[in-house]
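Okay, so here's the structure we're looking at.
The values are calculated or read from the model by the stated rules, or taken from the named source; none is laboratory data. Just so you know, these numbers come straight off a predicted model, no measurement behind them. Neighbour counts run over all protein chains shown; Cβ positions are idealised from the backbone, glycine included.
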Amino acid sequence: MERETRAEKYGETATSEFAGLERRARGLAAAGGRRILGIAGPPGAGKSTLAARLARALGPALAVVVPMDGFHLAQAELVRLGRADRKGAPDTFDAAGYTALLRRLRTPGAGVVYAPAFDRALEEPVAGSVPVGPQVPLVITEGNYLLHGAGEWAEVGPLLDEAWFLAPDDSLRVRWLVDRHVRHGKEEAYARDWVTRSDEANARLIAPGRARADLVVLAVD
C-alpha cells in the first residue's frame, strides 16, 4: 500500500525557509542506513537548484544529488520514436531504468554506484557522471515525474523516504523557465513557444503529484 503522506494526514504543509528544509534533510541523513529524498515539481520550479543547495549545505560526506534528467532518452532515439518535438514528456525518459537505479541506491553494496546526469549544453544524458559511494547516507533525487502516478512512474514514490513538491508562483516559474532556455541557446520567441506548448503541458500532468507529497515548498528564501 502506498504510504500515507503528511499532506493526506495533516493537510498540506508549506514552507519557504531554507534552514527548515536543511534541518529536515539532515534528519533524513542521520536516520540510519541509506535514505532517498525526492524533490518533484513542474518544469522551472527550481528543483535542481534546491537539490544542489541542500547537498552543498550537508556536504559530500552526507549527501549526493542524482537527477532524474539523466534518464532522458538520447536525441537520436527520440527522433526514431517520433517524440523529439515533445522532449520532456513522461514517455521521453527511461522510467524503468530510473526506478531500477533507485532500488539499487536503496540497498548500497560495497562499491560505488555511477548514475547518469543531463548536460543542458549538449541536451543529452551523460552516463557514469555521478558517483554515489556506499557510505553516503542521503541521496537527493529531483525531477518532474517523481510523484506522477501513471505507468512506470508510479513505482518511484514508494522508493522515496520523503517527497517534496516545489510549487512557486506560476508566472515567476514560467519566466525562469524561458530565461533558462535562452541561456542554453534558444531564441526567446522559440523558448516562449516551447514553454507554452511543451513545458506547460507537462506541468499540468505533474500538478496532481502535489497531493502525494510529504511537504509542499512554495518558495525558498
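Before moving on, here are some points about what is shown:
- Residue check, Ala127 small (Gly, Ala, Ser), more than 22 Å from Val66 (Cβ to Cβ) and surrounded by fewer than 22 Cβ atoms within 10 Å (Cβ to Cβ): no
- Pro108 satisfies every condition listed in (1) at pLDDT 95 or above; (2) out of contact with any Ser or Thr (no Cβ under 9 Å at 6 or more places or on another chain); (3) over 16 Å from Ile39 (Cβ atoms) except (1).
- Tallying residues that are over 26 Å from Leu205 (Cβ atoms) and either charged (D, E, K, R) or part of a strand (DSSP E or B) (or both) within the range 131-157 yields 3.
- When each of Arg80, Arg104, Arg86 is tested for being over 23 Å from Ala203 (Cβ atoms) and within 19 Å of the chain's Cα centre (by Cα), the lone residue that passes is Arg104.
- Number of residues in the range 32-64 that are more than 20 Å from Asp214 (Cα to Cα), at pLDDT 95 or above and either of a type in the set (Lys, Arg) or buried (at least 18 other Cβ atoms within 10 Å of the Cβ) (or both): the value is 4.
- Looking across the range 1-31, the residues that are at pLDDT 95 or above and not in a helix (DSSP H, G or I) come down to Ala30, Ala31.
- Hey, Leu177 under 18 Å from Ser48 (Cβ atoms), surrounded by 20 or more Cβ atoms within 10 Å (Cβ to Cβ), at pLDDT below 90 and not basic (Lys, Arg) or not: yes
- Residue check for Arg86: at pLDDT below 95, within 17 Å of Leu159 (Cα to Cα), surrounded by 14 or more Cβ atoms within 10 Å (Cβ to Cβ) and of a type in the set (Lys, Arg): no
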